[in-house]
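The values are calculated or read from the model by the stated rules, or taken from the named source; none is laboratory data. In this text the structure is predicted, and so the values were computed from the model without any measurement. In this analysis, Cβ positions are derived from the backbone assuming ideal geometry, glycine residues included, and neighbour counts consider all displayed protein chains.
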Amino acid sequence: MSIGAMMAVIVVAVIMALSLKSRNPEISSLISVAICISIIGLCVSRIGTIIDTISTIARYINIDSSYMLILLKLIGIAYICEFASGISKDAGYSAVASQIELTGKITMLMVSLPVLMQVVETILGMM
């Protein structure tokens, strides 16, 4: 499905969810979750292209593949946390959304520590 058609379906679903929100909030919430899952599906279908492009770039600049894996993990963590935070905010749980965002940031920092250590080692090697 093209991006234009997908966005049209999403806009119709959002309008439907908004119109049902006052009368039937449960159905409205289910429609909202279905919209989010559809958008995630659209994104996941394009991940292969992104991975291929990143792999090509890594081959051009002769970078260790473990760093590219870390980059992909960081991107994945960011998107997953943003998705979960957005759903929590829409459901009215902004405190939970804030904690999800904090957990995502700490996890991203933890995953990126090997890169930071390599930078520190490189700097120390130059001294």
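Only one entry in Ile27, Ile51 is touching a helix residue (DSSP H, G or I) at 6+ places or on another chain (Cβ under 8 Å) and either outside any helix (DSSP H, G or I) or within 30 Å of Val115 (Cβ to Cβ) (or both), namely Ile51. Please tell me if Ile27 is among the aliphatic types (A, V, I, L, M) and either on the phi > 0 side of the Ramachandran plot or within 11 Å of the chain's Cα centre (by Cα) (or both). No.
Table: residues versus (1) more than 24 Å from Ala8 (Cα to Cα); (2) hydrophobic (A, V, I, L, M, F, W, C); (3) exposed (fewer than 13 other Cβ atoms within 10 Å of the Cβ).
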| residue | (1), (2), (3) |
| --- | --- |
| Ile40 | no, yes, no |
| Ile77 | yes, yes, no |
| Asp90 | no, no, no |
| Ser94 | yes, no, yes |
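Criterion first (in a helix (DSSP H, G or I), without any contact (Cβ under 8 Å) to a residue 12 or more places away in the chain and either outside the structural domain of Val11 (by TED's automatic domain parsing) or surrounded by 13 or more Cβ atoms within 10 Å (Cβ to Cβ) (or both)) does Leu102 satisfy it? The answer is yes for Leu102. Per the conditions (1) touching a Pro at 6+ places or on another chain (Cβ under 8 Å); (2) surrounded by 13 or more Cβ atoms within 10 Å (Cβ to Cβ), the sole criterion not satisfied by Ser66 is (2).
When only residues in the range 42-54 that are loosely packed, with under 13 Cβ neighbours inside 10 Å and within 12 Å of the chain's Cα centre (by Cα) count, which is nearest to Ile10 (Cα to Cα)? Here the residue is Cys43. Among the residues of the range 76-87, which ones are over 15 Å from Pro25 (Cα atoms) and either over 8 Å from the mean Cα position of the chain (by Cα) or not aromatic (Phe, Trp, Tyr) (or both)? Matches in the range 76-87: Gly76, Ile77, Ala78, Ile80, Cys81, Glu82, Ala84, Ser85, Gly86.
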